[in-house]
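Undergrad: Before we start, here is the structure in question, set down as structure tokens.
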Amino acid sequence: MRVRLHPGGLLAGFTASGHAGAGRKGEDIVCAAATALLRTAAKVLAGEPGLTVDGQSPEPGVMRLVLKPPPEEKRDWVRGVTATLLRGLTDLAEEFPGRLKLKIDGARRGEY
């Protein structure tokens, strides 16, 4: 899973694919948790007026999202969504070592 950030710790997008291997397909708690976090963030962002969001799930187990840089008045709000998503994903990666490969592009220490 790769999460990309705009400057200032704002979500730019993510790409997720594959299977965590923590259970059988359809019964994998790590995949289910990551999917719930990503889908919720995507739906919250897509439902917010003033943001330009493009996303797709071209096949089972694959999800992509792109968020254009938000306008100034939405940046703090997007930063909050980003921080929530990243906290959930990093906690999941720490709780299940080796099951969730998380790469965050554009982050500097302390940005989220």
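Undergrad: Please go through the stretch 47-71 and pick out each residue that is within 14 Å of the chain's Cα centre (by Cα) and among the β-branched types (V, I, T).
TA: Matches in the stretch 47-71: V53, V62, V66.
Undergrad: Name the single residue, out of those in the stretch 64-102 being outside any helix (DSSP H, G or I) and at pLDDT 95 or above, that is farthest from V30 (Cα to Cα).
TA: Filtering first and then ranking leaves P71.
Undergrad: Applying the selection to the stretch 72-86, what residues are over 10 Å from the mean Cα position of the chain (by Cα) and without any contact (Cβ under 8 Å) to a residue 60 or more places away in the chain?
TA: Once the filter is applied, which keeps residues that are over 10 Å from the mean Cα position of the chain (by Cα) and without any contact (Cβ under 8 Å) to a residue 60 or more places away in the chain, the stretch 72-86 yields E72, E73, K74, D76, W77, G80.
Undergrad: Here's something else I'd like to know. Mind checking which pairs have a first residue in the stretch 51-65 that is of a type in the set (S, T, N, Q) and a second that is surrounded by fewer than 18 Cβ atoms within 10 Å (Cβ to Cβ), Cβ under 8 Å, 6 or more apart or different chains?
TA: T52/K68; Q56/R64; S57/R64
Undergrad: Can you tell me which condition A20 does not meet? The list is (1) closer than 23 Å to L92 by Cα; (2) modelled with pLDDT of 95 or more; (3) part of a loop (DSSP other than H, G, I, E, B), and all the others hold.
TA: Of (1) closer than 23 Å to L92 by Cα; (2) modelled with pLDDT of 95 or more; (3) part of a loop (DSSP other than H, G, I, E, B), only one is false for A20: (2).
The values are calculated or read from the model by the stated rules, or taken from the named source; none is laboratory data. Computed from a predicted structure; not experimentally measured. Cβ atoms come from the backbone with ideal geometry, glycine included; neighbour counts cover every protein chain shown.
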